[in-house]
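One structure below.
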Amino acid sequence: MVADDLVLRVATVADLDATALLHCEQLPAGFFPDLGPRFMRRWHRAYLDSPQGVALVAVCRCDDPGHVCAFLFGSIDESTHMRAVLADRRRLLSLAVVAAVSLLRHPPLAARFVRTRATPWTRRLIGTLTSQPAAPSGVDSTPVAVLAAIAVHPSLRGSGAGARLVELFLNHAPEGGTATAELVTSAGSDGAGEFYERMGWIPGRESRTRDGEKVRSYRHPTASPARRDTFRDEREADPR
């Protein structure tokens, strides 16, 4: 498939079954995908409903018109986006119920949850449901855009769909007032670091997830050409 066979557009609710399934198939790392497509569908919906959310899809217009072949979810202001998600108590309860059902059906996953996430997540959920949403503290008023997830169907590898989605995200990001976009991907050959570095993303620190998986952060300018030149100079000075 070639790029001319694709249409990039904003995702709709009708796309979410496809994006959830594609996420679980192509981005299995992490805890959320293990909870299954029903959970991922609700999580993706949060990006559609949030004013700071970015939800994009690439759809085919050849063999199966309208078929979602790739997606990208992110935010143009991550802290504001997450405050909105956590303030939506109905959404939180829905996510919690679907997650609980999945954990009951998969004892090994439940054991992993208890070992790595039960205490902090439960405290956060209870605190959110029993208190008034906190106002922004103003300590760090600089918004940061976050590319949360991107997946491309194997049939589209090499078509440029992923790069086009990332560029479209970077074009949206300044709408949130940010000059920087960030993401995290698996470190080493399991991740997409080489792909992002070819697109000008600057590698950052390595760390480990709650499950012990090694990941690396990346950042990219989203603002003016002058700011992009600054990032390019940093990259040449410290190519890692």
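Bear in mind these aren't lab numbers, they're just calculated from the coordinates by the rules spelled out. Since this is a predicted model, take the numbers as computed values, not measurements. Glycine gets a Cβ as well: all are built from the backbone with ideal geometry, and neighbour counts include every protein chain shown.
Of the trypsin sites (Lys or Arg not before Pro) in segment 28-114, the ones in a loop by DSSP (not H, G, I, E or B) with at most 14 other beta carbons within 10 Å are ARG61. Out of every Cα-Cα pair in segment 1-95, what percent are more than 23 Å apart? Everything past 23 Å amounts to 26 percent. In segment 145-197, a dipole from Cβ-located charges (positive for Lys and Arg, negative for Asp and Glu) runs towards its positive end, and of ALA151, ALA192, LEU170 it is ALA151 whose Cα lies farthest in that direction.
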